Amino acid sequence: MAIKAMNTLIKLHKRRVDVMRREMIAIEEERKQLLQLSERLREEHAREARLATEEPKMAGFFGAYSARMKQRQEGIKQEVKQLDAKIAEKAEAIREEFSEQKKYEIAREHAKKRLAEQARIRLQERFDEIGAQQYLRQKDNPI
């Protein structure tokens, strides 16, 4: 494969990796926001529990409120699990894409080395030919 084609493939894979990394960052940010929401809900639940213990009138409403909060927390927990699965899946896709990119980079380096070696051999052959011609000229025309 030509080096130019490999450069194009490497650029393509780099772009794909960059896009996947940005997607993963967005998923991680969403996960972070859900965890922050969960923490705020926990704090709010704790405040409401204190109020319910301090004010007997509020205690009657606290049971339904607490059940709803537990439901929301469970929903958030499930969403976080789904996001964790997406993050793991995206990380695996990034690893695979990066691996492909590296294969092309290694192949490109080997091709460059091979071309450099071929150029060195051609140059050496040229020098050998010039040397042989000079030797023959000196042998035919000794001064």
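The values are calculated or read from the model by the stated rules, or taken from the named source; none is laboratory data. If you're wondering where the values come from, they're calculated on a predicted model, not measured in any experiment. Here Cβ is always computed from backbone atoms with ideal geometry, including for glycine, and neighbour counts include all displayed protein chains. Surface accessibility is based on the protein's heavy atoms, side chains included, excluding ligands, DNA and RNA. Shrake-Rupley method; radii C 1.70, N 1.55, O 1.52, S 1.80 Å.
The table that follows gives values for the structure above.
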| item | result |
| --- | --- |
| Boolean, GLU79 is free of Cβ contacts under 8 Å to residues at least 60 places away in the same chain, surrounded by fewer than 11 Cβ atoms within 10 Å (Cβ to Cβ) and not aromatic (Phe, Trp, Tyr) | no |
| Top-ranked residue of the stretch 52-71 - restricted to ones that are surrounded by 14 or more Cβ atoms within 10 Å (Cβ to Cβ) and among the aliphatic types (A, V, I, L, M), ranked as nearest to LYS86 (Cα to Cα) | MET69 |
| Test for ALA91: is it exposed (fewer than 12 other Cβ atoms within 10 Å of the Cβ) and at pLDDT 95 or above | no |
| From GLU100, GLU43, GLU74, GLU96, residue being open to solvent by 80 Å² or more (accessible area, probe 1.4 Å), part of a helix (DSSP H, G or I) and within 30 Å of LYS11 (Cα to Cα) | GLU96 |
| One residue from ALA119, ALA111, ALA107 being modelled with pLDDT of 95 or more, open to solvent by less than 80 Å² (accessible area, probe 1.4 Å) and closer than 28 Å to ALA2 by Cα | ALA119 |
| Residue in the stretch 61-71 that is modelled with pLDDT of 90 or more and out of contact with any His (no Cβ under 9 Å at 6 or more places or on another chain) present | yes |
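Listed here are the residues, each with its yes/no results for (1) open to solvent by 80 Å² or more (accessible area, probe 1.4 Å); (2) among the aromatic types (Phe, Trp, Tyr); (3) within 14 Å of the chain's Cα centre (by Cα); (4) at pLDDT 95 or above.
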site: ALA2; (1), (2), (3), (4): no, no, no, no
site: ASN7; (1), (2), (3), (4): no, no, no, no
site: MET20; (1), (2), (3), (4): no, no, yes, yes
site: MET24; (1), (2), (3), (4): no, no, yes, yes
site: ILE27; (1), (2), (3), (4): no, no, yes, yes
site: LYS32; (1), (2), (3), (4): yes, no, no, yes
